[in-house]
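Asker: Following this message is one structure expressed as structure tokens.
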């Protein structure tokens, strides 16, 4: 299946000249994935590159120095994504993509997903379909933009992975993004409500700064 998706990605990329390339670098006080800390409260560095085509197809890749709670965990995450996006009108946006997340030092933790995303006015709905027995994930979000700021709220629900009850639960977050010239300063609070045991509940505050360049 992966070879089919990669072949389709190469085909789509050959249909049109890239209309935009975007590169982003980030420094984060922690790495939070669906309400769960991936780095045990330690800072991470990340980099991401995305290509958008005039015909609506896009692709991208990222790397982050995360997921190192102890020596047995992977010390970096590498991923790729490709798909199709379209603005139906000025208030309705839709995208569909395939994403693969990889851990070079712990390949058994690799996973792949299909995502369907809708954005209507300031609301967003993400539906992730896990492949190869990876759990599905659903998220609802809301963003309110004012001046150079964005107020963001989200709720998500995720099943357990490989019978690990620590990942089975719902998550909530709210925060603010502030755009300062070509830098974005972000702050958010997250809360993870474990379904298996209240002892696994977690919350925290994350700060990040990122720089994005488009050409």
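Asker: Grab the beta carbon distance between residue 174 and residue 55, set R0 = 30 Å, and tell me the FRET efficiency rounded to 0.05. The partial results should precede the final answer.
Answerer: Working: r = 36 Å, r/R0 = 1.20.
Taking R0 as 30 Å, the efficiency between residue 174 and residue 55 is 0.25.
Asker: Here's a follow-up. Highest mean first, what order results for 104-110, 25-31 on Cβ atoms within 10 Å? Provide the component values of the computation, followed by the final result.
Answerer: Working: 104-110: 12.1, 25-31: 18.0.
Descending packing order for the listed peptides: 25-31, 104-110.
Asker: Here's something else I'd like to know. For a quick check: sort 115, 139, 20, 77 by the number of other beta carbons within 10 angstrom, fewest at the front.
Answerer: The order, fewest Cβ neighbours first, is 20, 115, 139, 77.
Asker: Still on this structure, please answer the following. When a/c is below 1.5 the answer is rounded, else prolate if a/b is larger than b/c, else oblate, so apply that to segment 124-215 with a ≥ b ≥ c taken from the square roots of the Cα gyration tensor eigenvalues.
Answerer: Cα axes put segment 124-215 in the prolate bin.
Asker: OK, next. Report Rg/Rh for the chain, rounded to two decimals, where Rg is the Cα radius of gyration and Rh the Kirkwood radius. Kindly include the intermediate steps, with their values, before the conclusion.
Answerer: Details: Rg = 17.5 Å, Rh = 18.5 Å.
Computed over Cα atoms, the ratio is 0.95.
Asker: For the chain, what does the helix formula give at 222 nm: sum of -39500 (n - 2.57) over DSSP H segments with n ≥ 4, over the residue count, nearest 500 deg cm²/dmol? Present the calculation step by step, with values, prior to reporting the outcome.
Answerer: Details: 1 runs with 12 residues, N = 215.
Rounded to the nearest 500, it is -1500 deg cm²/dmol.
Asker: Calculated FRET efficiency, residue 181 and residue 133, Cβ-Cβ r, R0 35 Å, to nearest 0.05? Walk me through the numbers on the way to the answer.
Answerer: Numbers: r = 45 Å, r/R0 = 1.29.
Plugging the Cβ-Cβ distance into 1/(1 + (r/R0)^6) gives 0.20.
Asker: Something else: Which percent, nearest 5, of DSSP beta bridges in segment 2-214 are antiparallel?
Answerer: 100 percent
Any read-out appearing in this document is the output of simple, stated calculations on the displayed coordinates, not a laboratory observation. As the structure is a prediction and not an experimental result, all values here were calculated from the model. FYI the Cβ positions are ideal-geometry reconstructions off the backbone, even for glycines, and counts take in every protein chain you see.
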